[in-house]
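Written out below as structure tokens is the structure these notes cover.
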Amino acid sequence: MTDRQTASDSSPNGPSRRPLIAGNWKMHKLPSEAQSWTREFLAALETLSGAGGDSGDNRDSGNRGLACDVALAVPFTHLLGMARLTFGSALALGSQDVSAHEQGAYTGEVAAAMVKDCGATYAVVGHSERRAYHAEDDALINQKLVRSFEAGLVPILCVGETREQRDAGDAEEVVIGQLHEALAGVSSQAAADLVVAYEPVWAIGTGLTATAADAQDMCAAVRRQLASQLPEHADAIRIVYGGSMKPSNAVELLAQPDIDGGLIGGASLARDDLLEIVRAATR
Ligand code: PGA
């Protein structure tokens, strides 16, 4: 049983999932720039942990005092250098992708075990930009999810519909289909630590955001699907929202009962914006 499950199960008010605020830097910042950014972010995060939040359920000792988990999904080239700075801190690291293969003659690929060995905790899998620009389909994403679990990484599985699919009334069917395929054959034991990110494609990087009500409806549908595929873990699995989350909309989105955090692209590049969203999650 993971720490998070313990927290969920022990709450007198039913499941209380520890929020996850995860930045996704995409292909931004040089490794050298990331060093100073990280030092300053860690200092601010420490102030925040001291200033409030409850002791909550901490994934590691660095999280003491902060009532949410904080992570950054960065380019592979940044991982090792940033891990040296963040070791033992409240900031966890993740990759933005992993190979579908365990190891071998796959030039240019990076294995989940390599990501883990660099000090990462998370791996984003199935991001819509990978689906759109690298033709990743649900079967490939399923393999990447399995590789992540095998390596001991926590996968952040991204699902989401396009504008056309939403306009056609197919949004839920698309999202649930993606989830169903991605989880095919994944054992219940492995899936305990899964994170699902609902990211409507039309909201990513566009400044448009799903309304809190629409985002909640979809996240609730995701949880119902999890209940049918992974019944033991559906209440404990964190479902986060992504798609132009920023300080001005984070409070309302994060207040929804089935939204347990955010996957944040653009706003995670600016230290103050990301901190503001962390603050919103710890209210
Ligand atoms: P955005 O990106 O916050 O810039 O919309 C989110 C994501 O792609 O994960």
- [ ] At a 1.4 Å probe radius, which order do Met27, Met82 fall into by accessible area, largest first?
- [x] Met27, Met82
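With n ≥ 4 as the cut-off for DSSP H runs, can you work out [θ] at 222 nm for the chain, using -39500 (n - 2.57) per run divided by the number of residues, rounded to the nearest 500? Provide the component values of the computation, followed by the final result.
On the way: 11 runs with 120 residues, N = 283.
That calculation yields -13000 deg cm²/dmol at 222 nm.
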TODO: Measure out, as a whole number of angstrom, how far apart the alpha-carbon centroids of segment 142-219 and segment 227-283 sit.
DONE: 13 Å
Task: Theoretical gain in end-to-end length, Asp235 to Glu173 [0.36 nm per residue, Cα-Cα removed] - done: 20.2 nm
Open item on the list: Using 0.36 nm times the number of residues separating Met27 and Glu181, minus their current alpha carbon distance, what extension gain do you get?
Closed with: 52.7 nm
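With a 10 Å radius around each residue's Cβ, average the other Cβ atoms per peptide and rank 164-171, 133-140, 38-45, highest first.
On the way: 164-171: 14.5, 133-140: 12.9, 38-45: 17.4.
Final packing ranking: 38-45, 164-171, 133-140.
Can you give the Kirkwood hydrodynamic radius of the chain from its Cα pairs, in Å with one decimal?
Details: mean 1/r = 0.0537 Å⁻¹.
Here the Kirkwood hydrodynamic radius works out to 18.6 Å.
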TODO: Show me 250-257, 218-225, 194-201 ranked by packing, highest mean number of other Cβ atoms within 10 Å first.
DONE: 194-201, 218-225, 250-257
- [ ] Calculate the spin-label point distance for Phe87 paired with Ala135, positioning each point 7 Å from the Cα along the beta-carbon direction, and give it in nanometres.
- [x] 4.2 nm
Task: P(r), alpha carbons of segment 84-231 - 5 Å bins starting at zero, rounded % - done: 2, 10, 18, 21, 19, 15, 10, 4, 1, 0
Open item on the list: I need the per residue convex hull volume for segment 237-283, using only the alpha carbons, in cubic angstrom as a whole number.
Closed with: 67 Å³
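The values are calculated or read from the model by the stated rules, or taken from the named source; none is laboratory data. Only a predicted model underlies this, so the values are computations on that prediction, with no experimental measurement involved. Quick reminder, even Gly has a Cβ in these numbers, built from the backbone with ideal geometry, and neighbours come from all protein chains shown. Accessible surface is based on the protein model in full, side chains and every heavy atom, while ligands, DNA and RNA are left aside. Shrake-Rupley method; radii C 1.70, N 1.55, O 1.52, S 1.80 Å.
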